[in-house]
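Please read the structure below before turning to the comments.
The values are calculated or read from the model by the stated rules, or taken from the named source; none is laboratory data. Note that the structure is a prediction, hence the values are computed from the model and not measured. Every residue, glycine as well, gets a Cβ built from its backbone with ideal geometry; the counts of neighbours run over all protein chains shown.
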Amino acid sequence: MTPEQLAVAEANEAFYKALSQADLDAMTELWFPAEWAECVHPGSVSLRGWDAVRDSWRQIFDNGARLAVSLSEVRVRMLGDVAWVSCLERIATADAEQIHTSLMQATNLFVRHDGRWRMVVHHASPVPFLTPQASHSGSLVN
């Protein structure tokens, strides 16, 4: 990776650190506070504008569930002052009774502003799980 791609990858890592630590201040520092910022949480509608996006993170963080995210298949692409990261998110959430796991495909879009990479779009969608038998028959199992 080039130094610029590494800087984008670091901003992407900062996003997932803020998410895992339920740190709204860090999330606020990372996002570009524009009315055209967008976020699509898994299974949700598109949220438009920084105020709506920030409020969604506040709700997620305030629900009390512990969250851990690990990444794989991270790809960083750039064009001028715009960069995007695609990756797989392995998410584990824990509440008082059990642990839930899920796999998401995410795309994160960043813009360079005042020398910093700031997030402007986060979009995560569930990845269907394939059983060994289903992978041979071509059918999907959710």
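For the subset of segment 11-45 comprising residues that are loosely packed, with under 12 Cβ neighbours inside 10 Å and at pLDDT 95 or above, which member is farthest from residue 90 (Cα to Cα)?
Within segment 11-45, the first condition is being loosely packed, with under 12 Cβ neighbours inside 10 Å, and the residues that meet it are 25, 35-36, 43-45.
Within this subset, residues satisfying the condition of being at pLDDT 95 or above are 25, 35-36.
On the way: 25: 23, 35: 29, 36: 28 Å.
That would be 35.
Checked against the criteria, residue 72 does not count as within 18 Å of residue 109 (Cβ to Cβ), of a type in the set (Ser, Thr, Tyr) and not in a loop (DSSP other than H, G, I, E, B).
Considering the conditions (1) more than 20 Å from residue 126 (Cα to Cα); (2) out of contact with any Ser or Thr (no Cβ under 8 Å at 6 or more places or on another chain); (3) of a type outside the set (S, T, N, Q); (4) surrounded by 15 or more Cβ atoms within 10 Å (Cβ to Cβ), residue 54 is excluded by exactly one of them, (2).
Residue pairs whose Cβ atoms lie under 8 Å apart, separated by 6 or more positions or on different chains, with the first residue in segment 94-112 and of a type in the set (Gly, Ala, Ser) and the second in a loop (DSSP other than H, G, I, E, B) and surrounded by 12 or more Cβ atoms within 10 Å (Cβ to Cβ), are 94/65; 102/42. Looking across 46, 20, 56, one residue alone is among the hydroxyl-bearing types (Ser, Thr, Tyr) and more than 25 Å from residue 70 (Cβ to Cβ). It is 46.
Output the residues belonging to segment 3-50 that are of a type in the set (Ser, Thr, Tyr) and out of contact with any strand residue (DSSP E or B) (no Cβ under 8 Å at 6 or more places or on another chain).
28, 44
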